[in-house]
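The values are calculated or read from the model by the stated rules, or taken from the named source; none is laboratory data. Because the structure is a prediction, the values reported are computed rather than measured. Because the Cβ atoms are built from the backbone with ideal geometry, glycine has one as well, and the counts that use them run over all protein chains shown.
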């Protein structure tokens, strides 16, 4: 009933306040938050309408970051109208061709360089680093890692991790993250949050949680995507090329092995958080479709543990205890 009332209020805003007559109105997409998106067509125009319940989601960060990223040359949806009281935005329609769909149809060779170029524009904009955005600090990193231990290990699998082992893993990952140069971080720069526009231009969405943080965070989100995996040989080509661009720009000053270590450990932190979020979406929000992405994401973590001796014991715990419990639960 509440959802129906919000749609009635939304349509009233569109038709009576904005004087737009609906030819068609249908769900466009949803995400892992409480936001919903609808495609609204009127005459010859098509728009996306964001529904963000004010008691659960805030419009101001979305608008703030959209303006900042657009100033850096990143293609974000233009905001045509806003309604703070009810939690609605009228946005530019990027169409329905997601990056994930396009690469599944064989466009990866063209689109990954485009996505990396868009990310490079974001990371090389000095004004964004100086902008009023939250910082990815030690406390935030620990809170994110706790999502894995609480929701996946504890609530979903009903397991307990050895405290000393988990403390050592967290210390390793947090130390690596905080040692990196900082830049603007989208935080979810992956195949489901990128849209393919005309001439293969990349449109970027779901950016409202942007922070200032580790330079490898977004590139690992893209290349070690929770929703699609690539052979390590291909990943290495894309990553080495991106590293060279960052090096030439003066954004990193370490050799490639150190950069790759940052990348691997940052990915592990992100993937542990993602596994926890997928579990929380299932247990708390009834969104169980994300459980299918846990095996791929957990495999990334196990792979990284196998490459660094200090993480070997954690990798053994995952394979000997966590994987059997996961398989028993599914």
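List of remarks:
- Segments classed as helices (runs of 4 or more DSSP H), wholly inside segment 242-330, with at least 3 members that are within 20 Å of the chain's Cα centre (by Cα): 256-285, 294-305
- Output for segment 101-110, where each listed residue is in contact with a strand residue (DSSP E or B) (Cβ under 9 Å, 6 or more places away or on another chain) and surrounded by fewer than 18 Cβ atoms within 10 Å (Cβ to Cβ): 101, 107
- Only one of the listed residues (16, 83) is at pLDDT 95 or above, over 25 Å from the mean Cα position of the chain (by Cα) and over 24 Å from residue 281 (Cα atoms). That residue is 83.
- Residue check for residue 115: under 27 Å from residue 69 (Cβ atoms) and either in the same structural domain as residue 258 (by TED's automatic domain parsing) or surrounded by fewer than 17 Cβ atoms within 10 Å (Cβ to Cβ) (or both): yes
- Exclusive hit being on the phi > 0 side of the Ramachandran plot, within 22 Å of the chain's Cα centre (by Cα) and at pLDDT 90 or above, set 95, 106: 95
- Meets criteria (within 21 Å of residue 184 (Cα to Cα), in contact with a strand residue (DSSP E or B) (Cβ under 9 Å, 6 or more places away or on another chain) and in a helix (DSSP H, G or I)) for residue 238: no
- Selected residue (only one of 165, 145 is in the same structural domain as residue 313 (by TED's automatic domain parsing) and surrounded by 15 or more Cβ atoms within 10 Å (Cβ to Cβ)): 145
- Residue 262 touching a strand residue (DSSP E or B) at 6+ places or on another chain (Cβ under 9 Å), under 25 Å from residue 311 (Cβ atoms) and either at pLDDT below 95 or surrounded by 15 or more Cβ atoms within 10 Å (Cβ to Cβ) (or both): yes
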